[in-house]
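Novice: Please find one structure pasted underneath; my questions will follow.
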Amino acid sequence: MKEIRIDDINNDIVIFAKDRAKRPMDKVISENEEEIIDEYNKDCPFCRGNEHYTPESRFKIEDENGWTVRSTDNKFPIVDKFQENIYGSHEVMIDTYRHNGNFMNEDEFYNMLLMYRDRYSNLIKDEKVQYVSIFKNYLRKAGASLNHPHSQIVSISIIPPDIERELYISKQYYIENKRYLYDDIIN
């Protein structure tokens, strides 16, 4: 069961999804999380050849050897379409078929960006979706449960308070200055 909890002091929103505690975790090799050498790991649900561990792909790019990037529903979602108080979806975007693929070549990086664009474009078509976030966890300290290079995309039916504040400030800046805040920041 997932639920939205609101902090009474600062109005921050937290999505509480206790089922995520059941997701698989790679064993920590050391505190320093050493570099992964092998291109394929027989136990990794994200390696090419282990697709039976994950739901069917929502998106993939293939070459003569099979898929190079793919996106699939997260088996342990933060949100899903069956909740009463919050609506959304949560996918895992597998950035590369290579278990040791933290350093990508230009084609791999391009394909990953194509996947990001496709999944974002498809999720915002849903009228209930108000906000989409793409994020990448790298290593256990950042919240990654598996070492294989992957990102996540979450769509939700609310706009987080921090984003609402940012939008409000940006609109006020434009009203007062007749210029976009981000253009001025960049300049």
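The values are calculated or read from the model by the stated rules, or taken from the named source; none is laboratory data. Just so we're clear, the structure is a prediction, and the values are computed from it rather than from any experiment. All Cβ positions, even for glycine, are placed from backbone atoms using ideal geometry, and neighbour counts span all protein chains on display. SASA here: full protein model, heavy atoms, side chains in, ligands and nucleic acids out. Shrake-Rupley method; radii C 1.70, N 1.55, O 1.52, S 1.80 Å.
Novice: Considering ASN74, ASN65, ASN50, ASN122, which residue is open to solvent by less than 30 Å² (accessible area, probe 1.4 Å) and either more than 18 Å from ASN137 (Cβ to Cβ) or touching a Gly at 6+ places or on another chain (Cβ under 9 Å) (or both)?
Specialist: ASN50
Novice: On the basis of being at positive phi and modelled with pLDDT under 95, does GLY143 make the cut?
Specialist: Details: at positive phi: yes; modelled with pLDDT under 95: yes.
Considered against the rule, which asks whether it is at positive phi and modelled with pLDDT under 95, GLY143 comes out as yes.
Novice: Are there any pairs with C-beta distances below 7 angstrom linking a residue in region 48-61 that is farther than 19 Å from LEU114 by Cα to a residue that is open to solvent by less than 50 Å² (accessible area, probe 1.4 Å) and polar (S, T, N, Q), with the two at least 6 apart or on different chains, and if so which?
Specialist: So the pair list comes out as THR54/THR72; PRO55/THR72.
Novice: Right, here's the next one. Kindly evaluate ASN137 against the criterion of being modelled with pLDDT under 95 and farther than 25 Å from TYR40 by Cβ. Working first, answer last.
Specialist: Values: modelled with pLDDT under 95: yes; farther than 25 Å from TYR40 by Cβ: no.
Against the criterion (modelled with pLDDT under 95 and farther than 25 Å from TYR40 by Cβ), ASN137 does not qualify.
Novice: Select from region 77-103 the residues that are surrounded by fewer than 16 Cβ atoms within 10 Å (Cβ to Cβ) and among the hydrophobic types (A, V, I, L, M, F, W, C) and list them in ascending order.
Specialist: PHE82, PHE103
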